[in-house]
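Quick one: structure below, then a few questions.
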Amino acid sequence: MGQERDEWLMSEVAAGKHAALEVLVRRYANPLLTFIRRWVGDRHRSEELFQDVVVAVWRKRKQYQLPRPFKPWLYAIALNTCRAAARRRQVVIFGVGDDQPLSSAATDESPTSVLIASEHATLVTAAVARLPVKQRAVVVLRTWSGLSYGEIADVLGCREATARAHMHHALAALRVQLEPRLCGRTADVESGP
């Protein structure tokens, strides 16, 4: 059990086979944890939510029906788990993750370049956090989790065209929020003392 398709493994999980769930958890642990960490912005909380997602997959196993694609189904459970956690805390949560910056500056870059990259990452993170939930979800799922628009549509329960529209509107909103700040700061630094 290692090279089997996700959908077949999930059908085995639906039949109550724990070993198949272990394979899926190992297969998706890193990308799913990264997704959750980027959504909540806290490494420890994301690990707790990851466990909640695994438990939810087991509890909802009988709802899974082959040949439904597994990956969007899994990410829908993860997204709903993150949303429920946010509602319980009554705060909007989103972050890059406390140990993974948006841009990784090379170690041989100047301190000024590293500072600018860090500041830009902070601005982008804050701008993404201000997006409406569905737009934010599309940006995170597409940009950092690498899902296709079809898979994102499955996660959000909408059409692919709607997912693309959410991304279009999100990018437009990010451009409006970030262009004045990023363009102005880069020019200020470059023309500095």
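Only one of (1) at pLDDT below 90; (2) touching a helix residue (DSSP H, G or I) at 6+ places or on another chain (Cβ under 6 Å) is not met by residue 49, so which one is it?
Every listed condition holds for residue 49 apart from (1).
Among the listed residues 91, 13, 23, 55, identify the single one that is modelled with pLDDT of 90 or more, surrounded by fewer than 17 Cβ atoms within 10 Å (Cβ to Cβ) and among the β-branched types (Val, Ile, Thr).
Matching residue, one of 91, 13, 23, 55: 55.
Any idea which of (1) surrounded by fewer than 16 Cβ atoms within 10 Å (Cβ to Cβ); (2) over 16 Å from residue 12 (Cα atoms); (3) not acidic (Asp, Glu) is the one residue 60 doesn't satisfy?
Every condition holds for residue 60 apart from (2).
The values are calculated or read from the model by the stated rules, or taken from the named source; none is laboratory data. From a predicted model like this one, the values you see are computed outputs, not experimental measurements. Every residue, glycine among them, receives a Cβ derived from its backbone with ideal geometry; neighbour counts consider all protein chains shown.
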